Every structure is written in C-alpha cells, then in structure tokens.
Amino acid sequence: MEKEVSWDDRLKKTKWSGKNGAVYDPSSCVAYVQKDGQGQADITPIVNVWLSGAQPNRGVVIVGGDEVEVYTREHKSADARPQLWVDYPETTTDPLTAAVMQHQFEFRFISHTLSHMDMYQSAGTTYEQAFTEIAQNLNVWSTLNLPELAQNRAVLVTGNHSGLDDTMGTELDPSDDLPYPQGRNQAFIRAAMDVGVRYLASDSSRLNQDREEYVPGTGNQMILLPRYPTSVFYNTTSPYEMEDEYNYIFFERHVEEGVDPCAIPGAICQPRSYQQILDAEADTTLRHMLTYRAWPHYFHISNLRDYGNGKTLQFDWLHAVMTRYESLLRLPVVNAPYYEIGERTRRRIEARGAHVDAVFDSMTNQVTLSANRPVLIEATGLSKGQSYGGQSQQVLSLSKTPLTRSVDAGLAY
C-alpha cells in the first residue's frame, strides 16, 4: 500500500528520523549506473549481508542527485516500473524451483502469466503479448514435468487479476477505473481463449467480479471464477509487517486525513494486534465458508516466508481459521482443485439456464427429475451417492426424459 513516501517524509506528514531520508549506512552503499536512460544497480552485496545475518533486511534506500526520478510499480508504463532480476549460474537450479520439484506431488499448481505482466488494456498489452505470456508459462510447466498439466490448461490467474477491469494506469486513484466487464482487455481475453483458457480467476472484492458467469464475448465458453482476497497483504512477510500494514490501511490513513475511522465502512476504531487481526480474519473467512460457495482464498508467495521457527503468515491464518471453524462445526472441509471448482461452476451456470423440475412422491419415497435440455446437476439427499455430513451427494445427468431416484431420508450425526 502506498504510504506517500517522499524525499522529506517516510509517511505522509511524518519526517524521516534523519535529514531528507538520510537513514542509511553510507558504507553499505552500492553505485548505480545509467544505461539506456535507466539506473541499474547490483545489490548482491547487500543481499548477501542480509542472508549472512550480519544485518537485518530493512529494504533499500535509493539516493540520487537532483535530477533523478524513480517510478513505482503503479506507473502507467510497464517499461518505467522498477524491476528486480535474480540470476543463477546456468548450471544451477534456483533453490525455490529445486524445492518445488523435490516435493512436486505435495502441491497443486495453477497456470499464471509467466512474468506477472499487466494485462490491462491501458497498459497497451496486445493479443500477441498476452498469448505469449500464457503459452510460455504452460511451456515451463511442461518442461519441469509438473503434475496435472492437462487438467489445468483451462485455468488461468493473471497478475493482480489484470485484464478484467482497468486501473487506467492510476492504481492509487480509483476514480477513473473501468470496472469489469467494461474495462476488460478483449485482446487478452481472445488470447486466453485461443490458448485454451476456459476458467479465469477474479477478485470477488472488485466491482462486478463476485459473479459466477460467462465472460462476455466468449460465446459462453470462458467462465469467471471468483476468489476471496484476505488481509494478509502481498507485501507482508512477518507479524510486525502485517500488523503495520493492516493498521495503516484500516485505521492510520483515515486519522492522517482527519477523518474518524469509526465513521468509515470497513475501517476499525482502534489499531489491532497481530492476534486480533487473525481473529477478525477467522470470523470473516468462516462466514465465507458457510455460504457454501466454492470460492478459494488467495495469498502471495511472500506470505510463505519463514519469519521464525518455521512459522509463516499464511499458516498462521490457516490455523486461526480452522480453529474457529472446528469450534463450531464437525463437517470436514473439502479443498478441491481449482479446475474442479471450474467444472462445478460450469454445471451450476448451465443448470440455472435450464428448467430443472423435481416432483417428490411421499408414498414411494422417490423423486422424479427432468430438465428442458441436457444438463448436469448436483443433488443432495438421494440414495447411492457419496456421503458428506451424513447426507448423500451426487451428480445427475438430466434431460426431458424423467429420471427417478430414491430419497435417502436418513441424516447421520
């Protein structure tokens, strides 16, 4: 979250402890060079000091002359945004990839755009660029021989869910945003369709993206799959960072603007501790789960950093959520693959468009079902299904020809 860092202030109206941002160790500086109008610096020595434990990782400060301009990730031009390059010797696999390969059958994988490239139309992303980003990511999947590529070819998550709405290059100013579906990049949508994508992840907190529906212009082939964001933010790796970010977003920034946070929907009236944040997240997530929507919650790789003793923000969140769930319910939590969620979503959408009719005969304990066109439905309470929570569940194929099934009236506790 942008905190309005400037040469004079570390936060809005909050001065640096040193003059004009001079809160760094000059002996640790590395020089940057100008190349093609851009500044480049090799910060390997700084990172090595962090890795050795000699100095804590508190980030970097960029110190320049009078004419130096440094853009942020929110800049409308992708070429102007800062980039971090990590190089490994050609004969060496990077540690993360090596670890994933070693434990590949313990993970599920979802296809992503290869370089997290923005798919916004205002960013100038073309059909060719979008197609290449998606296809190359699938090629990496194939090269690494990771499992379930065939099932997951149809599923896609874009960086920042871009390509559905459009921030118009001003991510911090929502006033000019084009929401989904008006703001979708149709060149990106066409490219995704041509690669074979049929299920596209969305952010349920954004306008019009909390819908299970066909994406307009795809001939009822591509489906929007909503996902829930959490308050475990993308740029947090430790309880301290999460607490600081959370309280700024939901409390401090309103105070800085002279507004009572208690009067702001979604804000909090006083700062929260890390445990209080986890408790609030557990309450929110439990309400999500009780809707019976098969919408997953999403996180970022930074949330999996070991901040000490094998602990991570994501697993702290999971523990808090499951503790709250198990205090109230005994039903097992089913964690389905995303492609399976897509298939089930398609069945629900198609069933909504068909006239499904059911007639129960209490004398024979049977129900007769039909639909005005062929469709698959999920049915609960019929005999010979898969048991969940003491009830039988199964998928039925319906058509105009009536289908009769016995009802399993028993409910096991």
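Taken together, the values in this text are just the output of simple stated rules run on the coordinates, not laboratory data. Keep in mind the model is a prediction, meaning the values are calculated, not measured. Every residue, glycine among them, receives a Cβ derived from its backbone with ideal geometry; neighbour counts consider all protein chains shown.
How would the stretch 353-406 be classified by its alpha-carbon gyration tensor: rounded, prolate or oblate, with rounded meaning a/c under 1.5 and the a/b versus b/c comparison settling the rest?
Note, shape of the stretch 353-406 comes out oblate.
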Highest average packing first - 349-357, 263-271, Cβ atoms within 10 Å: 349-357, 263-271
Dipole of the stretch 160-309 [Lys/Arg +1, Asp/Glu -1 at C-beta], most positive-end residue of 282, 223, 309: 223
Relative packing of peptides 302-308, 47-53 - highest average C-beta neighbours within 10 Å first: 302-308, 47-53
Partners for residue 384 among aspartates and glutamates (Cα-Cα distance below 17 Å; same-chain residues under 8 apart left out): 408
Charge dipole (the stretch 239-326, unit charges on Cβ, about Cα centre) - positive-most of 251, 297, 271: 297
The stretch 239-326 shape via C-alpha gyration tensor axes, a/c threshold 1.5: oblate
Farthest positive-ward along the chain dipole, Cα basis, beta-carbon charges - from 183, 399, 122: 399
Computed magnitude of the charge dipole of the chain (debye, nearest 20; Cβ of K, R +1, Cβ of D, E -1): 1620
FRET efficiency estimate (nearest 0.05) - Cβ-Cβ, residue 178 to residue 81, R0 22 angstrom: 0.60
Label corresponding to Kirkwood radius over Cα pairs in Å when calculated from the structure given, among [x] 22.3; [y] 25.1; [z] 21.6: [y]
Loop-located trypsin sites (Lys or Arg not before Pro) in the stretch 170-232 whose Cβ has at most 10 other Cβ within 10 Å (DSSP): none
Label-to-label distance, nm, for residues given as residue 48 and residue 25 (7 Å Cα→Cβ offset): 1.5
Protection proxy ranking, peptides 251-257, 340-346, average beta carbon neighbours within 10 Å, highest first: 340-346, 251-257
Order of 223, 43 under a 10 Å beta carbon neighbour criterion, fewest first: 43, 223
For the chain, calculated [θ]222 nm from helices alone, where every DSSP H run of n ≥ 4 adds -39500 (n - 2.57): -8000 deg cm²/dmol
Extension gain (nm, one decimal) between residue 194 and residue 260, 0.36 nm per residue minus Cα-Cα: 18.8 nm
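Hey, fewest Cβ within 10 Å first, where do 32, 339 land in order?
Starting with the residue having the fewest Cβ neighbours, the order is 32, 339.
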Residue 388/residue 170 FRET efficiency (R0 41 Å; Cβ-Cβ; nearest 0.05): 0.30
Total formal charge among the other residues, if their Cβ is under 15 angstrom from that of residue 357, Lys/Arg +1 and Asp/Glu -1: +3
